[in-house]
Amino acid sequence: MDKHISKHRETQHLASDVVHYREYKILLQPDRFTSKHGFLEFWETASKTLKKLGLKVDVDRHAFDSQVREVLFYDTPEFDLFNHHFILRKRTFYDQGWPRPGHELTFEALVQFLMDKEIAKFKLPERLEVMDDFPVSTFGKVSKKALVEMVAEKLGAEV
């Protein structure tokens, strides 16, 4: 006889209201597994034991893939970027412990990213200027006028 979840007679005939199986998850403490090899040894032993007991073992085909990523946020010591509503971050994804190629934060990568987002060509940056401080207006906001003047001055000096 099937055991029904519902105690209501009018719903006990519904197939979705019958418990057909039980699912168990093993929660492991990560500090016990310091390497992929150690975990794979444990998994092999656990799988054999479960199969001997006649229990089905399902494994996601990506279960043992490394899914590590590192995210770094950059700013000045005074948090100028954050205070002016900017975030500069670098994400690095790893495969088997090695960084994937093309993870470096470069000007070319920034331009390509913007092009991939179909940003109008006239809006693409022509160069990257690294500054110690942003010029600010009397209201404490970045002064675009002063920025343009600083870049024009620097361009004039380079010619």
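Here are a few things to note about the model shown:
- Which numbered condition THR11 fails, given (1) at pLDDT below 75; (2) within 24 Å of PRO99 (Cβ to Cβ); (3) surrounded by 10 or more Cβ atoms within 10 Å (Cβ to Cβ): (2)
- Helices (runs of 4 or more DSSP H) fully within the stretch 45-159 counting 3 or more residues that are over 32 Å from the mean Cα position of the chain (by Cα) and surrounded by 11 or more Cβ atoms within 10 Å (Cβ to Cβ): 144-158
- Tally, over the stretch 72-100, of residues that are touching a Phe, Trp or Tyr at 6+ places or on another chain (Cβ under 9 Å) and hydrophobic (A, V, I, L, M, F, W, C): 5
The values are calculated or read from the model by the stated rules, or taken from the named source; none is laboratory data. Just so it is clear, the structure is predicted and the values come from calculations on it, not from any experiment. All Cβ positions, even for glycine, are placed from backbone atoms using ideal geometry, and neighbour counts span all protein chains on display.
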